[in-house]
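Structure, as structure tokens:
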Amino acid sequence: MFYYSARPPKEIMSTTRRAFLSRSAILAASVAGSAAAQTPNPHPNPDAPLTFQPPRRPVIITRETLDNSVTEAYALLEQGADTLEAAIHVCQAREDDPSDHSVGLGGLPNEDGIVELDASVMHGPTRRAGSVAALTNIRHAAKLADTVMRRTAHVMIVGNGAEKFAVAEGFEPENLLTDDARKIWLLWKEHGIGWWGPGIDSPDWKPPVATPPGAIPQAALPSMLQLPRHPTREHLPAVEARMRFLSDRAGRMGIPARLRAEAALQVLWPTTGTIHVSALNTKGEMSGATSTSGLAWKIPGRVGDSPIIGAGCYTDQDIGSAGATGNGEENIKIAGAHTIVDLMRRGATPKEAGLETLRRLARNYNNDMTRLRYLDMIYYILRKDGAYASVSLWSTRGTGEQKKFVVHDGTLRTEPCDYLFEGTTQSIHPF
Ligand code: ASP
């Protein structure tokens, strides 16, 4: 039984609900991931009636960060800090970490070797939003998005304009391309492939053909798309051969030994990654923030989903907050974060809303698993009453381990993501 805070007209509500519930029932039976246990939730059970009562303790939901920022942000919330301040705090720790090649300083650059950042924020209590895209030379992209929101009459500022605005607002410009990231880029420049089409959604796209291990000409580019990215035992020699080839080239280019394997992996399977944080306090106030350097080796000026309000980040103070990491182009096409929040508005639990949104992504491909294998998406979802979920298109990481997300509601922990499809995307490396 679901309750609604903002009730649609009766007939619309019943049709929508019926359709939603019957779709859910059918899909629940067919989706591998639906068997995964509902995440244990010390807050109101996600399947319980939606009352929108604020939780007794603050809640933060995000990706694994391997730093103290979530604990610190939680302490900030306990001390009465604003939910957006807490969310940005977690983003900034990633933006400051040069070894994190997916965000801020140390992010992998575009195909010209320039780091371009995307970020957005939504502040529930004031129902405002800010964002920056294709931002250069300023590491704290999430804070800058917040500054756009607070200091201007705009929502989104991009490119040179964003950098100029940042400097005018006292942000320190700096080169975001670290020496390690530059070396990895140089190796990619010589041996990798980029993002020119056909894209996976193109009728001209063809699945990559696995080159037999014995038939790799040394001179051939170890092309990302020639390699089976979900290698079976039979393919492993081909993967190893490409890794050896690239590590050897890396050595000849002066890339230090400690970096060679990582550089080779980044050429074959370019890093993707984003930090999204949704935060909720005991007053029921909530905010979301998302920050990323986007897809490694992207075409200059490419903007992903992270700075798009409603795609990479969306917060509705009445309902909940959501954000994403994964193939941004796919998420933009389904307005992922907004779709999730809107489904929760209609009574879906965080998990149901996330899985239904992933189904829309799959629907854009007519559920063609050959293409969907090359995509991935994870959503982080927090409802106003403290119920939460994280859902993923694919269940496991390259290592075969189930994907996890981070929750702090007084206890910091990781929990397994729910998922739509069992298995691993081929867009990440198998190590
Ligand atoms: N969503 C990001 C983008 O498309 C990348 C990622 O999260 O992996 O720019």
Does residue 246 satisfy the criteria of being open to solvent by less than 10 Å² (accessible area, probe 1.4 Å), more than 10 Å from the ligand (Cβ to nearest atom) and not small (Gly, Ala, Ser)?
yes
Looking at residue 407 and the list (1) closer than 23 Å to residue 318 by Cβ; (2) in a strand (DSSP E or B); (3) open to solvent by 40 Å² or more (accessible area, probe 1.4 Å), which single condition is not satisfied?
(3)
Subset of segment 98-128 that is surrounded by fewer than 21 Cβ atoms within 10 Å (Cβ to Cβ) and more than 16 Å from the ligand (Cβ to nearest atom) - its residue that is farthest from residue 281 (Cα to Cα):
112
Residue identified as of a type outside the set (A, V, I, L, M), open to solvent by 10 Å² or more (accessible area, probe 1.4 Å) and at pLDDT 55 or above among 51, 62, 16, 83
51
So for segment 156-164 (the condition being among the basic types (Lys, Arg) and either in contact (Cβ under 8 Å) with a residue 60 or more places away in the chain or open to solvent by less than 70 Å² (accessible area, probe 1.4 Å) (or both)), does at least one residue qualify?
no
Members of segment 269-298 found to be touching a strand residue (DSSP E or B) at 6+ places or on another chain (Cβ under 7 Å), open to solvent by 10 Å² or more (accessible area, probe 1.4 Å) and within 14 Å of residue 76 (Cα to Cα), listed by number:
none
If you scan segment 366-395, which residues turn out to be among the aromatic types (Phe, Trp, Tyr) and either closer than 16 Å to residue 337 by Cβ or open to solvent by 20 Å² or more (accessible area, probe 1.4 Å) (or both)?
374, 379, 380, 388
Among the numbered conditions (1) open to solvent by 10 Å² or more (accessible area, probe 1.4 Å); (2) hydrophobic (A, V, I, L, M, F, W, C); (3) more than 30 Å from residue 53 (Cα to Cα), tell me where residue 412 comes up short.
(3)
Every residue in segment 281-325 that is in contact with a Leu (Cβ under 6 Å, 6 or more places away or on another chain) and away from the ligand (no atom under 14 Å from the Cβ), please.
281, 286, 287, 320, 321
Give segment 115-155 a look and list any residue that's under 21 Å from the mean Cα position of the chain (by Cα), assigned to a loop (DSSP other than H, G, I, E, B) and farther than 23 Å from residue 83 by Cβ, or say none.
115, 116, 136, 138
Given (1) touching a residue at least 60 places away in the same chain (Cβ under 8 Å); (2) in contact with a helix residue (DSSP H, G or I) (Cβ under 9 Å, 6 or more places away or on another chain); (3) closer than 30 Å to residue 262 by Cα, number of the condition residue 387 does not satisfy:
(3)
Hey, residue 313 hits all of (1) open to solvent by 20 Å² or more (accessible area, probe 1.4 Å); (2) in contact (Cβ under 8 Å) with a residue 40 or more places away in the chain but one; which does it fall short on?
(1)
Only one of 370, 396, 411 is within 23 Å of residue 82 (Cα to Cα) and away from the ligand (no atom under 16 Å from the Cβ), namely 411
Looking across segment 267-280 at residues that are assigned to a loop (DSSP other than H, G, I, E, B) and within 9 Å of the ligand (Cβ to nearest atom), the single one that is farthest from residue 382 (Cα to Cα) is 271
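The values are calculated or read from the model by the stated rules, or taken from the named source; none is laboratory data. In this text the structure is predicted, and so the values were computed from the model without any measurement. Because the Cβ atoms are built from the backbone with ideal geometry, glycine has one as well, and the counts that use them run over all protein chains shown. What goes into the accessible areas is simple: the full protein's heavy atoms, side chains included, and nothing from ligands, DNA or RNA. Shrake-Rupley method; radii C 1.70, N 1.55, O 1.52, S 1.80 Å.
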